[in-house]
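The block underneath contains the structure these notes are about, expressed in structure tokens.
The values are calculated or read from the model by the stated rules, or taken from the named source; none is laboratory data. Predicted model only: the values in this text are computed from it and were never measured. Backbone-built Cβ (ideal geometry, glycine too); neighbour counts: all protein chains shown. Accessible surface is based on the protein model in full, side chains and every heavy atom, while ligands, DNA and RNA are left aside. Shrake-Rupley method; radii C 1.70, N 1.55, O 1.52, S 1.80 Å.
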Amino acid sequence: MINPVDPPVREIYMQVLMGSNLSGSSCTMNKEMNKHILGRLVDAFLGNLWEILNCSTSLMDSKTDEIHRVYEGLRFLRTILENQYENFDDLPEKMKDIIGASIGEARNVIYSLFKHELKEGSAREMDIVLFAFQENIKLIEAEVSDKYAVTETFQSPSTILEDIKLVNIEAIEIDDENYSFEAEKTIQALQHSQSQRTIPTFNQVVVGFDDEAEQIICRLTRGSGQLDIVSIVGMPGLGKTTLANIVYHDPFIICHFQIRAWCCISQVYGKKDVLIQILVCIRPVGANEYSGMKEDDLAEELYHRLKGYRYLVVLDDLWDIEAWNGLERLFPDDANGSRILLTSRISKLALEVKPASRPLHLRQLTDDECLELLQKKLIERGGYPPALLLLGKHIAKGCKGLPLTVVIAAGILGNLEQDGWEKVAESLSSSSVCGTEHCMHMFELSYKHLPNYLKPCLLYFGVFLEDQEIPVWRLMRLWIAEGFVQKTEVKSLEDIAEDYIMDLIGRSLVMVDKQKSIGGVKTCRIHDLLHEFCLRKAKEENFLQLRRGYAGLSNFDEPSNTRRLSIYSKAKHFQKSRLFCPLLNSLLVSSQSENYAIPYNFSFILRMFKLLRVLDLGKLNLGFVFPGEISLLVQLRYLAFGGSMTSIPSSIASLWNLETLVLKLSPGSLFLPDTIWNMRTLRYLHGSGSFLDLSLAKYNWESSSDLCNLDTMSALVLDLGQSMDKIMKKFPNIRKLKCSLRETEESSGDWNKVVAIDFLWRLESLKLSFYHVNKNHYEYHFPLNLKKLTLESFPWSAISSIGRLPNLEVLKLLGAKGYRVEIWNMEEGEFPKLKFLKLEALPVVKWTCSSDHLPCLQKLILHRCMELEELPSCLEEIPTLELIQVHRCPGSVGNLVQQIKEEQMNWGNVDLKILILEEI
């Protein structure tokens, strides 16, 4: 029996409510739920409404009309879902979907009522969610008007409260034993859905920046056509980057500028790194080729990429005029309204860049704004206890107007009971420091409240440069190699490491930079002040040291007990150093040099570090020969290097502890040795710039070991045929795989022409590239567990194999060369769980499907679909749809998308976002 009044179950429902992002489409219930489960949810939401009203007389008085409307709507839904309405099962499927959507909207309305207690002035938000709710109710009423209708008689607040109470009593008395298991699964699904959709980003919750954002957007999009520079200045922690990020992602800005690029300058300025950051924003697929180019060539490339386009380039965290002087000439002025937006903590720097400029001096938040921000951040973490409101006000005031300290405070409070709040309030009130030191005080407080297993994970961010965008996979692999991740029998090391990252994000210590297609974190970073704190604390605890330039390296001419060392310097400085750290466990080296040459004394240096567990050589080029000294470092868990070599010696198998091998090599193929199969601890094998070749025709596969621990492999090249099957069976537990397929003499021989990888039953993410494949001969069998699939230059015949993958959530189809597909008609039952769909350079003319296709689709990306003339009508009715982005497609595609937007609004989905970029 599901009892909405029972405290444990009620807590679950409230968590569902608090997880709402006010998107009606995102709250739509699965149409497969039967009426009994939907009815129990309606009862639960009526119960939530009753509890909120019981706790708030003021809400009852101030929101009588709104409460009346949502109450009558819920009672109406409850009536048609009860057993006496026998024709429910005969309703059209579309109408059942609307009923599910209405229940989702009801949750949004109740959530808005809850927010009203914390923040006044939310009338517009309430109007939007109420409008969507009532429109759905009208559609349902029109369908069943012969039997039931919404009651129009006005009831007093006290009567409503009493009626809701009676509904709760009725719900308790209903024996729902037959449906309790299904309803429990429904709640779990809702919670899982919300956890996937509400990953906090560093710009998600903002207070007090509305006017400033409008001002910046106005200056970027209006005024003179000449290239102009707009500056945001202010002390650390005020939110300069946050404000710039809000503007950068504003839909109007996205549509106004043909090119947008973002780069972090930071205190340690490397011109080549900055150029690559900007170029990658403009052309992401060129990331690997840019790293091998010279600085002058990159500068020329950037100028030509920007020439003739209206662009916006954000230079975040500018420290001195030298960095600007080195970049200024690279930004062409075509009198077309291009803009540079820069942020800096140094006010006079904005005037040096442009003497006649009017920089925006970012102000501190008021005490009320600090309180509002604190409350919003705490709602993200599950709620703001009303009993602690007074303490919250003291804490907000103690944050002294700095958004950063408010966010950190929320991260601390979200894990504390009331006595913990009192200690935080006392600590802040006793602190007399302001500005940067006040932020440091907050970081110290947050660090103190971290569980012990997270403390080294946080301090480890000190090995990276400030403002550096950090790939989450790299961070996780480093944590695992360092031994920070605690093993359990239930989860893999990778899943536990991801939990650690999400915990630090939830505590507002780590910021999400880029998200994956449907949630999850792709890259992250920390605030530069927190980076400074990590370095201070790490040095204090002899945890790690970061050295920049020759001055830093010269300190290591004498013996040291340093355990972890991160070096960022030019190659010539590294060559002059005489590092001697016999106890060193981790060495991470990044170079600013153009040629990334290996230091002449590198082999000698390596002999000194016999205890190394982590060796990350970043962009250092080891040349054409793999250094044999590396094979002597038998304690290595993590090895990353670059070079121009075409093979790896068999001696690499001496690294019998190695878990992660990252190769950043020149374009071409890298042949891996036979002994790779003896490296049984290997969990992560990643290559960039070249293909990893395992095609060894004469190798004795039967006698070799399997890489049972291998979790992730990328850049693998495989020959179609029987050898491909033998190779892939050597990593039976792999979860993520990227590989390219090619035809050989064996491929054209007598074999069954079936590309079967369905035996990889753990595989969740797969990317296949078909660059040298005759596209007409093969049948494809994919694993049923697959959640993400990317096909590049693929045969259209593969489409028939992917539509019925039951767990597929992300699909990227990147070009089916050599084909013109007149009609792509999705068949019945295909893509049942698909949430993200990207179609790029797809030669499809008409794309059609029935009304019940793509029931879970959230995001649709159309890129360079030049032939497309028709989009499926089902897109007009998908209630979960959040975003359609059109990039470099004919204008007719944009018109089709706008029609979808209009129909979606008619269905009540007012939150659907449409982005049309560079129509052709």
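With a Förster radius of 22 Å, plug the Cβ-Cβ distance of E629 and S669 into 1/(1 + (r/R0)^6) and report the FRET value to the nearest 0.05. Walk me through the numbers on the way to the answer.
Values: r = 25 Å, r/R0 = 1.13.
E(calc), rounded to 0.05, equals 0.30.
Per residue, the accessible area of segment 227-279 comes to 28 Å² when a 1.4 Å probe rolls over the protein heavy atoms. Accessible surface of M866, taken over heavy atoms with a 1.4 Å probe and every protein chain present, rounds to 90 Å². Computed with a 1.4 Å probe over protein heavy atoms only, the accessible surface of segment 380-515 comes to 40 Å² per residue.
Longer than 32 Å from Cα to Cα, which of K514/K753; K348/K400; K455/K767; K400/K487; K271/K537; K307/K376 are they? Say none if no pair is. In this structure, K514/K753; K455/K767; K400/K487; K307/K376 lie more than 32 Å apart at Cα. The mean sequence distance of close C-alpha pairs (under 8 Å, at least 6 residues apart), as a share of the length of segment 215-364, puts its relative contact order at 40 percent.
Whenever you get a sec, compute what percent of the accessible area on segment 350-399 sits on carbon and sulfur atoms (1.4 Å probe). If you can, show how the numbers build up before the last one.
Numbers: 1470 of 2570 Å².
Result for segment 350-399: 57 percent of the exposed heavy-atom area is carbon or sulfur.
Across every pair of non-identical alpha carbons in segment 369-430, the mean reciprocal distance, once inverted, gives a Kirkwood radius of 11.1 Å. Exceeding 19 Å between C-alpha atoms, which entries from my cross-link table qualify? They are K377/K491; K516/K838; K787/K833; K664/K788. Checking Cα-Cα distances, K377/K491; K664/K788 exceed 19 Å. Sorting 443-451, 96-104, 496-504 by their mean Cβ neighbour count within 10 Å, with the most densely packed peptide first, gives 96-104, 496-504, 443-451.
Residue ranges 306-317, 827-838 sort as 306-317, 827-838 when ordered by packing (mean number of other C-beta atoms within 10 Å per residue, highest first). Computed extension gain for C708 through V490, at 0.36 nm per residue and net of the alpha carbon distance, reaches 76.7 nm.
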